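The values are calculated or read from the model by the stated rules, or taken from the named source; none is laboratory data. From a predicted model like this one, the values you see are computed outputs, not experimental measurements. For neighbour counting, all protein chains shown are included, and Cβ atoms are generated from backbone atoms with ideal geometry for every residue, glycine included. Quick note on the areas: whole protein, heavy atoms, side chains included, nothing else; ligands and nucleic acids left out. Shrake-Rupley method; radii C 1.70, N 1.55, O 1.52, S 1.80 Å.
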Amino acid sequence: MYENIRYEVKENIGYVTIDRPKALNALNNEVLDELHDVFTKISEDDSVRAVIMTGEGKAFVAGADIALMHSIDAVQGRVMMIKGHGVMNLIESVEKPVIAAVNGFALGGGCELAMACDFRIASEKAKFGQPETGLGIIPGFGGTQRLPRLVGKAMGKKLIMTGEIIDAAEALRIGLVEQVVPPEELMAEAEKLAKTIASKAPIAVAAAKAVINNGFGMDMKTASALEIEAFTAPFSSQDKTEGMGAFLEKREPVFQNK
Ligand code: DAK
């Protein structure tokens with residue numbers, strides 16, 4: 001039912017594959033609409049406990065679609081920008097862990113898409129960068145904000161102002177990705193991480209994601225207050241009773257997201 005992405009669920013893991021290899025999976029309005037649709041479905045599907053996003057072929061995503069951007073005016077650009085920010089914010093805030101399995105080029109909007117995910121595992125073949133200034137623009141899907149938050153202000157400025165493309169080892173060194181693996185191990189490593197998190201209580205995972213994201217830019221006192229509030233929902237859940245009961249009974253917990 002999608003034309004530019006593929007989606008399937010296996011063993012509680014949702015797999016989103018951007019599948020537009022003839023344009024190196026470049027983001028146009030259709031890809032963005034389909035990503036918005038699939039992450040809306042994912043947010044409503046209790047059976048999905050973790051998500052892995054990757055790209056078909058040699059790219060994760062080679063950026064926003066340059067042919068499209070060349071053809072549109074500032075008003076149409078603003079519409080696309082709002083759409084793109086909506087997708088990135090949805091991925092960032094969806095109540096499940098989202099892992100970017102970065103198989104190849106993650107440039108411009110592709111790097112921004114990876115940064116909207118909770119984790120980035122890169123193939124040794126992956127390349128990262130924000131080449132927008134070389135096209136006469138700045139990052140438009142959150143890159144000016146998420147990149148400095150991940151790698152620091154000066155390194156973020158350097159990558160954005162120079163448009164430099166870096167390899168996976170450098171991305172690991174500066175903290176843009178958490179792990180680099182041989183290409184043939186990429187999906188297995190992403191699945192290992194997805195399965196580990198999927199085995200934990202979904203209510204707790206969702207609350208942890210939200211409170212970490214929401215508290216990140218706050219002062220410590222306000223952020224502590226946020227944590228106190230966020231603690232209540234998991235603590236009053238059936239899964240808390242199950243998790244602690246399982247420990248005391250020396251068995252594995254069976255969480256039901258309740
Ligand atoms: N858009 C459209 N087509 C692309 C593309 C892209 N970003 N990247 C690659 N392609 C197409 C190529 O044109 C080529 O098409 P054909 O010629 O075969 O028809 C095909 O994919 C294969 O690409 P190459 O032949 O170039 O493959 P190579 O292996 O030689 O090179 C490459 C791979 C990734 C180094 C190269 O393709 C490349 O430099 N691509 C462009 C990277 C880039 O600059 N990306 C854009 C970053 S700027 C906005 C919001 C956000 C943004 C902008 C505006 N608004 C809300 C308005 C974000 C901007 C960006 O992402």
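Below, the figures for the structure above:
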| item | result |
| --- | --- |
| Flag for residue 51 being more than 16 Å from the ligand (Cβ to nearest atom), part of a strand (DSSP E or B) and at negative phi | yes |
| Residue list for the stretch 59-72, filter: more than 6 Å from the ligand (Cβ to nearest atom) and touching a residue at least 12 places away in the same chain (Cβ under 8 Å) | 59, 60, 61, 68 |
| Breaking point among (1) surrounded by 19 or more Cβ atoms within 10 Å (Cβ to Cβ); (2) without any contact (Cβ under 8 Å) to a residue 40 or more places away in the chain, for residue 128 | (2) |
| Residue selected from the stretch 73-124 under the condition open to solvent by 60 Å² or more (accessible area, probe 1.4 Å) and β-branched (Val, Ile, Thr), by the criterion farthest from the ligand (Cβ to nearest atom) | 75 |
| Number of the exception - residue 131 against (1) more than 8 Å from the ligand (Cβ to nearest atom); (2) under 20 Å from residue 169 (Cα atoms) | (1) |
| Residue check for residue 87: touching a helix residue (DSSP H, G or I) at 6+ places or on another chain (Cβ under 8 Å) and either closer than 15 Å to residue 166 by Cβ or in contact (Cβ under 8 Å) with a residue 60 or more places away in the chain (or both) | no |
| Residues of the stretch 38-72 classified as among the basic types (Lys, Arg), under 25 Å from residue 165 (Cα atoms) and crowded, with 22+ Cβ neighbours inside 10 Å, total | 0 |
| Test: residue in the stretch 154-163 that is of a type outside the set (Asp, Glu), within 16 Å of the ligand (Cβ to nearest atom), open to solvent by 30 Å² or more (accessible area, probe 1.4 Å) and assigned to a helix (DSSP H, G or I) | yes |
| Among the residues listed as 140, 84, 134, 57, the single one being in a loop (DSSP other than H, G, I, E, B) and more than 30 Å from residue 182 (Cα to Cα) | 140 |
| Pick from the stretch 195-221, criterion polar (S, T, N, Q) and surrounded by 12 or more Cβ atoms within 10 Å (Cβ to Cβ), ranking: farthest from residue 92 (Cα to Cα) | 199 |
| Unmet requirement for residue 39, which otherwise passes all of (1) outside any loop (DSSP other than H, G, I, E, B); (2) within 15 Å of the ligand (Cβ to nearest atom) | (2) |
| Verdict on residue 95 being closer than 27 Å to residue 258 by Cβ and touching a helix residue (DSSP H, G or I) at 6+ places or on another chain (Cβ under 6 Å) | yes |
| Pairs, first at positive phi and touching a residue at least 12 places away in the same chain (Cβ under 8 Å) in the stretch 104-123, second of a type in the set (A, V, I, L, M) and within 13 Å of the ligand (Cβ to nearest atom), C-beta under 7 Å, six or more apart | 108/64 |
| Identity of the residue in the stretch 170-186, free of Cβ contacts under 8 Å to residues at least 24 places away in the same chain and open to solvent by 70 Å² or more (accessible area, probe 1.4 Å), that ends up farthest from residue 103 (Cα to Cα) | 173 |
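Residue-by-condition table, conditions (1) in a loop (DSSP other than H, G, I, E, B); (2) crowded, with 22+ Cβ neighbours inside 10 Å; (3) among the aliphatic types (A, V, I, L, M):
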site: 1; (1), (2), (3): yes, no, yes
site: 8; (1), (2), (3): no, no, no
site: 22; (1), (2), (3): no, no, no
site: 35; (1), (2), (3): no, yes, yes
